[in-house]
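Down below is the structure, laid out as structure tokens.
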Amino acid sequence: MPTDQAKQTAAAAQGATPDKLLSSIHKISSLLTRTISLDKILTSIVKETCLVFGFTRMAIFLADKDRRLLECCYIHGFNAQDSQRARRFPYRLGDQDCVETRVAHQGKTVFVKDYLSDPRMTAIDLTVSRIMGRVSTIAVPLKIKKDVIGLITADKDDVRLKLTQKDINAFSTFANQASIIIENARLQAQNQQKIKQLLTLQEISKKTSSTFHLGKLFQVISASALQLTKASSARLFLLDDEGKALSMVSSSGPAIKDKKRLRLKLGDAVAGLAAHAAQTGAPALINDAAPDRQEPRFDGAVAQLAAPLISEKRVLGVLHVASDQSGAFSEDDLKLLMIFAGHSASLIKNVRLYGQVMTERNLRENILESSPNSIISLNLRKEISSINRRAEEMFGFKRKEVLGKKAAMVFDQEIAHIIDLALDDHAVVNRKEINPNHGATALGVTSSLLRNHQSALIGAMIIVRDLTEEKKTDELIRRIDRLTSLGQLSAGIAHEIRNPLASIYFNVQLLAKKLPASDPTHSLLGDTQEGVNRIRTLVKGMLDFAKPSPPSLKHDSLPRIIHESIALMESQLRKNKVEAALHFEDDLPDIVCDPHQIQQVLINLLINAMDAMPDGGRIDLDARFAGAGPCGEVTLRCTDHGVGISPENLGKIFNPFFTTKPEGTGLGLSIVHKILEQHQVAAEVTSQPNQGTTFLLKFPACRIERPRCTVTPF
Ligand SMILES: Nc1ncnc2c1ncn2[C@@H]1O[C@H](COP(=O)(O)OP(=O)(O)O)[C@@H](O)[C@H]1O
Ligand SMILES: [Mg+2]
């Protein structure tokens, strides 16, 4: 409190009761620094003032925030009826028709010594004086700087006040003190209200921030808006994707009666305040929707407040609160709802993003888990951070056994090296073929670097693909491709050759007949005929290869077909000093095949085996049953002990026209291949140069009772 003012007050009141005055001033001033309710402050002021100046009645009036009315906010010493009247009927500040309004308007103290003789008194003043039994009064303005915030009136019932100018000055000084205290208390109350609201906001924000379910979040937002603004209803609307309409996603308070209000089209005349806020991106407040106003009432609400939810400069929706009490919302409520709407907008955005992230994560995990390739990720310390199911199968370990372990301890040297390359040198490989532990399995390894969203390196990923099957298939496709195109070519050539060859053959025969037996040209014709015969064999082979007739399948015994083939070859075998040693397992099941074609296969294999043993030898034919496949297989091993096939030729022997023999056609094995293919019989060849060669044929076995094993030609 300014000490000068205190001294002044003391001096002004010296003529009356200086001790009392000083102690009163002290008491009142001490209120300045304390947090105390306005009501208590006013009681203290009135008590002290009455004590000092001997007043019996006192009233304090304060201007409302619009400065339209003077409202009685504290009254002391009046009877019940007068008190009630004073509180119920505020003075209108605009009409300067009585002492109170004049004082408030002019900001000057008025002392009325005697109502009846004072010429300034109006009819209203006289009426008031009569009703209240008031003969004199003092009315002092309450001022903050130059602003009048209200006034204090005091009297002594029907006793005339005897106040000196000093007393009046002292009372005015009192009033000045009172003004400051009242204003302080008001500000304090406002601050407390704001602090309370902010605390509520903070609490609500905490509550909403822990919600990750969008539907629940919407509900919490509307309930919180209701709590924050003390409205009677709160709705949360979200803007549709096209930005053309608002749809209600949650509400708190009584259910909406007007169902049309669940969806508001922007730009629609009756869409109301919420739509307006969405369109302008600014909050809007209506505190007294008069019935004649254009503004549509929201379910009969008188006061409405709408705050847009804005995230990254885009309106997501609107928070709308309504009340059936006029003037329910203050500017503070509007600011508060704006802050909360902003918070809600970022929460909705985050929860939506969270949802998207979760969906994407699940999708990614599903893709990883169902991948036919092994996928392994590693951190910068080369520790395994994730592996998928295929990796568990391929490498034969369990996820929990290897997670967090160093890659070098888990994987073989070659893979560990690829990981080192990626993480140490940032060098990646693409489908690098490796054969772990020098085994038959071929793996294709692809590495890549893992980076976070800021492009910082966080690890590496290894994709391992089993190439074994792929390679087999590739080889098969390549072979079939070659065979098909060569087959087509051969068929064309063979067809073209066949007719002229027939006429050459016919003419040579004719010529031979016409020539006398002694003619030396006979030997020339004999050579020609031999040559033509050779070409005919070749053409037949080419045609057999190109268009082998479809197998006519039946159940037959493989040993029987083998016996028959050997019988056909018998004289040749004998001539070449080759012995065929047969080993057949007892009770071999039948195979389904075209016996003539299988005979053709066997004869080709026998001829090749004989050719491989120019000095004679033994061919082992070994047929047995193997339990693999749905019905098992009958396997036939045809082994010779001849020259063998060099590794570089092994892949070529089934190619048409591939031959190492001066007189060979190179068509035998391609026909064998074609026939076996039509029978769905797998063939494998192993050979060691100068030791011999084995052809292994695997026929699907078939017991007659099992129709599911019927082989269909393709
Ligand atoms: N049992 C075998 N031992 C050694 N080499 C073989 C054997 N069978 C096939 N070959 C090789 O495969 C080639 C192709 O055989 P094939 O298609 O029957 O044609 P051809 O017998 O007319 O040469 C032969 O020339 C030979 O080099
Ligand atoms: Mg041959």
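Things to note:
- Looking only at region 382-391, and only at residues there that are free of Cβ contacts under 8 Å to residues at least 24 places away in the same chain and buried (at least 16 other Cβ atoms within 10 Å of the Cβ), the one that is farthest from Ser370 (Cα to Cα): Ser386
- Counting only strands (runs of 3 or more DSSP E) that sit completely within region 38-119, those holding 1 or more residues that are more than 14 Å from Thr137 (Cα to Cα) and charged (D, E, K, R) correspond to 69-76.
- The residues of region 655-668 that are within 7 Å of ligand 1 (Cβ to nearest atom) and closer than 17 Å to Asp481 by Cβ amount to a single one, Phe658.
- Where a residue in region 328-349 is more than 16 Å from Ala234 (Cβ to Cβ) and its partner, wherever it lies, is among the acidic types (Asp, Glu), with Cβ under 8 Å and at least six apart: Lys349/Glu312
- Test: residue in region 157-179 that is part of a helix (DSSP H, G or I) and under 16 Å from Lys65 (Cα atoms): yes
- Failed item in (1) within 16 Å of ligand 2 (Cβ to nearest atom); (2) assigned to a helix (DSSP H, G or I); (3) in the same structural domain as His679 (by TED's automatic domain parsing), with Arg534 passing the rest: (3)
- Failed item, numbered, when Ala581 is tested on (1) at pLDDT 90 or above; (2) assigned to a helix (DSSP H, G or I): (2)
- Qualifying residue in region 436-445 (condition: more than 20 Å from Arg381 (Cα to Cα), buried (at least 16 other Cβ atoms within 10 Å of the Cβ), in contact (Cβ under 8 Å) with a residue 60 or more places away in the chain and out of contact with any Phe, Trp or Tyr (no Cβ under 6 Å at 6 or more places or on another chain)): no
- Residues satisfying the stated conditions in region 402-427, i.e. free of Cβ contacts under 8 Å to residues at least 24 places away in the same chain and under 30 Å from the mean Cα position of the chain (by Cα): Val402, Leu403, Gly404, Lys405
- When the residues of region 578-623 are filtered to those that are more than 23 Å from His673 (Cβ to Cβ) and within 16 Å of ligand 1 (Cβ to nearest atom), the one that is surrounded by the fewest Cβ atoms within 10 Å (Cβ to Cβ) is Asp615.
- Per-region count, region 101-117, residues farther than 16 Å from Ser172 by Cβ and crowded, with 17+ Cβ neighbours inside 10 Å: 2
- All of (1) modelled with pLDDT of 80 or more; (2) in contact with a helix residue (DSSP H, G or I) (Cβ under 9 Å, 6 or more places away or on another chain) hold for Ala491 with one exception: (1).
- Residue within region 642-651 that is closer than 17 Å to Arg560 by Cα and within 11 Å of ligand 1 (Cβ to nearest atom) present: no
The values are calculated or read from the model by the stated rules, or taken from the named source; none is laboratory data. Model, not experiment: these values are computed from the prediction. Because the Cβ atoms are built from the backbone with ideal geometry, glycine has one as well, and the counts that use them run over all protein chains shown.
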